[in-house]
1. So, in the stretch 70-101, how many residues would count as being at pLDDT below 80 and closer than 16 Å to Val208 by Cβ?
2. Take the conditions in contact (Cβ under 8 Å) with a residue 60 or more places away in the chain, of a type outside the set (Phe, Trp, Tyr) and in contact with a Leu (Cβ under 6 Å, 6 or more places away or on another chain) and apply them to Glu281. Does it pass?
3. Filter the strands (runs of 3 or more DSSP E) completely within the stretch 344-460 down to those with at least 3 residues that are out of contact with any His (no Cβ under 6 Å at 6 or more places or on another chain) and either under 30 Å from Glu315 (Cβ atoms) or modelled with pLDDT of 85 or more (or both).
4. When you check Ala354 against the structure, is it touching a residue at least 12 places away in the same chain (Cβ under 8 Å) and more than 17 Å from Glu409 (Cβ to Cβ), yes or no?
5. Test Val149 against the stated conditions and say whether it is at pLDDT below 85 and over 25 Å from Ala88 (Cα atoms).
6. Residue under question is Gly344, and the condition is that it be in contact with a helix residue (DSSP H, G or I) (Cβ under 6 Å, 6 or more places away or on another chain) and of a type in the set (Gly, Ala, Ser); does it hold?
7. Just one of Leu323, Leu313 is of a type in the set (A, V, I, L, M, F, W, C), under 20 Å from Ile454 (Cβ atoms) and out of contact with any Cys (no Cβ under 8 Å at 6 or more places or on another chain); which is it?
8. Among (1) in a helix (DSSP H, G or I); (2) at pLDDT 80 or above; (3) under 30 Å from Val455 (Cβ atoms), where does Val336 come up short?
Amino acid sequence: MTLLAPALAAIFAIELLAALLFGLAFLRRRVDREFGVASLLCAAAAEHAWGSLIGAGASQPAGVLAADRAAWLGLIAAIPLTIHAGLAYGRIRPTPRWIAVPYGLAVVGAAVDLRSLFQEHAVSARAPGWLVGAVDGARRIAPPAPLGVAVHVMLVGAAAALVVLTARAYLAGRRERLAVVTGAAVFLATTLHDSAIAAGALAGGHLVDAGLAAFVLGILTTPSAKYAAVSRELDRRTKELRSRTTELRRSYEDLRTTQEELVKKEQLAVVGELAAVIAHEVRNPLAIIANAVAGLRKQAISREDHETLLGILEEETSRLNRLVTDLLRYARPVNVQRSHFMLGDLLERALGFAKTKKSTINVQLKRESHEGGLWGDANLLRQVFDNLIDNAVQAMGQTGTLTVRLRSENQLGVDGVAVDIIDTGEGMDTQVRSRARDPFFTTRPSGTGLGLAIVDRIVDAHGGQFVIDSHAGEGTTVTVFLPHGSASEPPQARRTQRPSTDPGRRATS
């Protein structure tokens, strides 16, 4: 008994401390239900160790009987808790009705324990000679009764289920459960030993306290093992992330190199397209000018032919000058010189210029808003509306109606004015409409294809939007939205990619 008492005291302290630690862990994190079950199981094991410890030092029959009842009570409570712990560590959620069965049997066993029916005889103060010392510290009054043997058999079954469930979790990849599996195996071995003693097949002391202590120690290693597993997984993920980052950086560098090459190729393509357009646009006037000069060199030429050739020279020279002017406008950065002006007055002057070119076209200016004041570059915007009105006039031929409508509008929270330029001309099909903004694209024999591209750049520099709505045979509506702006800069409109058409803007004259 001298060496047994300190061992039982140490086991009791370890199991009680484990119960407190797991209880606190469960209170802090309720989702870890295995900690709650482990806390109760450690408490039951501590009670059994406490009963064994008290029984080892008791000398009176009443004290021995009380300690023996406490030890049996801890053993009975350990049966359902062992099964529940195995399910929790195996990540199996039992149904309440199923798990209530072992707990119900434990309640019945506790009642039986209070009547001391697990032993063959009851303790009596007049019969102290019945007491027999045991190695486990709990002085057994007599060999266990059939009910006591049944408790040991059920404890063996619970321990076997615990080994199966924890081993299954370990084999499924949860390597931090190795210590738990080892402790469960030791616990099963001690329960088999004690069952053999209870059945009379073996002689010796009970070892169930040592088995419970081994399992509790296995449970105590679970948090540290889980932390180690998480740390290893984190290290693996960190290395993988670094590798992916390196690959991503390498891919980014390759993408940037490819993009730079693509930009260079696009620039070369634009330069090639520009050279082709310039060559085409310049060669034809030069050929005509060369023919006219050759005709003027002739000695015998009438006055009428002379004037005709001079007119051709003047026309082709103007054409070349217009091409060079458009190229310079397109290549030159848009520098907006802001001032406050009335957009309605600018539109009236642009329409007056259109009337002088074709007096047969009906021109209308509709002011749906009197707030036409803007901060912007009036000269650049005059180029915009001169170009758009000139395109509308040419699209209608000799007759038609040109309507310019000025109205207030708010786009994406930005206040401004919108100008609708509506013509009754031939309109544009889908293919022409989709390429109308492209530089050097034109359907007019004398056009350079830079007009709408320049318009788009000027409107964009003012923070506005430029929308074309047209269908073949139904005329065209061009809408220019311009924010009111300020003396310093235009408002930052939250624009998305601008559509080439806007069916919601369709209007009739």
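The values are calculated or read from the model by the stated rules, or taken from the named source; none is laboratory data. Not measured: the values here are computed from a predicted model. For neighbour counting, all protein chains shown are included, and Cβ atoms are generated from backbone atoms with ideal geometry for every residue, glycine included.
1. 3
2. On the way: in contact (Cβ under 8 Å) with a residue 60 or more places away in the chain: yes; of a type outside the set (Phe, Trp, Tyr): yes; in contact with a Leu (Cβ under 6 Å, 6 or more places away or on another chain): yes.
For Glu281, the condition - in contact (Cβ under 8 Å) with a residue 60 or more places away in the chain, of a type outside the set (Phe, Trp, Tyr) and in contact with a Leu (Cβ under 6 Å, 6 or more places away or on another chain) - is met.
3. Details: elements: 362-367, 373-376, 401-411, 414-423.
Qualifying strands (runs of 3 or more DSSP E): 362-367, 401-411, 414-423.
4. On the way: touching a residue at least 12 places away in the same chain (Cβ under 8 Å): yes; more than 17 Å from Glu409 (Cβ to Cβ): yes.
Spelling it out, Ala354 is indeed touching a residue at least 12 places away in the same chain (Cβ under 8 Å) and more than 17 Å from Glu409 (Cβ to Cβ).
5. Details: at pLDDT below 85: yes; over 25 Å from Ala88 (Cα atoms): yes.
It is true that Val149 is at pLDDT below 85 and over 25 Å from Ala88 (Cα atoms).
6. Details: in contact with a helix residue (DSSP H, G or I) (Cβ under 6 Å, 6 or more places away or on another chain): no; of a type in the set (Gly, Ala, Ser): yes.
Considered against the rule, which asks whether it is in contact with a helix residue (DSSP H, G or I) (Cβ under 6 Å, 6 or more places away or on another chain) and of a type in the set (Gly, Ala, Ser), Gly344 comes out as no.
7. Details: Leu313 fails: under 20 Å from Ile454 (Cβ atoms).
The conditions single out Leu323.
8. With respect to (1) in a helix (DSSP H, G or I); (2) at pLDDT 80 or above; (3) under 30 Å from Val455 (Cβ atoms), Val336 is out only on (1).
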